[in-house]
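Since the structure comes first, as structure tokens, the remarks are kept for the end.
The values are calculated or read from the model by the stated rules, or taken from the named source; none is laboratory data. Here the structure is a predicted model, which is why all the values come from computation and not from measurement. Calculation scope for accessible area: heavy atoms of the full protein, side chains included, ligands and nucleic acids excluded. Shrake-Rupley method; radii C 1.70, N 1.55, O 1.52, S 1.80 Å.
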Amino acid sequence: MGLIRNHYVGRTFIEPQQSIRHFGAKIKLNPIKDFLKGKRVIVIDDSIVRGTTSHKIINMIRNAGAREIHVRISSPPTAHPCFYGIDTPAKTELIASSHTVSEINRFITSDSLEYLSIEGLRESVKNGGCDFCDACFTGEYPIEPPVDLDSRQLTLFEREIVI
Ligand code: SF4
């Protein structure tokens with residue numbers, strides 16, 4: 001193992017302040033220098049949200065002596081927020097909403113970056129027996145998102161107030 005994960009530290013992307021997120025990324029993973037030194041490393045992650053955590057991890061691996069770092073993401077780029085219960089940030093904070101893959105590659109300072117395609121994702125779940133939501137990748141929301149896109153979540157029940 002090149003990185004040891006500290007399971008006592010929570011997920012970093014839900015922390016509200018940038019400084020806290022950076023601190024989270026740093027203490028959550030510890031690089032094993034003897035293992036990483038001089039190696040060509042492939043980092044596989046499930047998503048890139050803001051890009052700040054990935055940047056921090058790549059820096060950490062590079063500082064541990066890795067020669068090359070190639071990042072592979074097992075989902076398409078997360079370019080749209082979720083309004084159905086997953087705590088993603090607003091669209092403007094999602095790096096893939098305003099940057100190309102090569103720009104994200106530059107931002108996180110990896111040597112190469114590739115994502116799973118939307119076709120590849122759909123192919124991988126085609127035996128699931130139902131149509132899955134893929135709105136955070138495609139922007140095609142199965143239920144209309146709020147008109148006010150700053151809203152973080154859909155209101156599940158509209159209450160009628162009778163005076
Ligand atoms: S796939 Fe749909 S429900 Fe799941 S996180 Fe993305 S927008 Fe939310």
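Before moving on, here are some points about what is shown:
- Relative contact order computed over region 3-138 (Cα-Cα under 8 Å; 6+ residues apart), in percent: 23 percent
- Our estimate of slack between residue 45 and residue 72, defined as 0.36 nm per intervening residue step minus the Cα-Cα distance, is 9.1 nm.
- log10 of Debye I(q)/I(0), alpha-carbon scatterers only, for region 3-138 at 0.11, 0.18 Å⁻¹: -0.43, -1.09
- Fully extending the segment from residue 37 to residue 138 would add 32.5 nm, taking 0.36 nm per residue of separation and subtracting the current Cα-Cα distance.
- Carbon and sulfur %, accessible surface of region 72-135 computed with the full protein complex present, 1.4 Å: 54 percent
- Cross-link reach is defined here as a Cα-Cα straight distance under 28 Å, omitting same-chain residues fewer than 8 places apart; for residue 56 the lysines meeting it are 26, 28, 33, 37, 39, 91.
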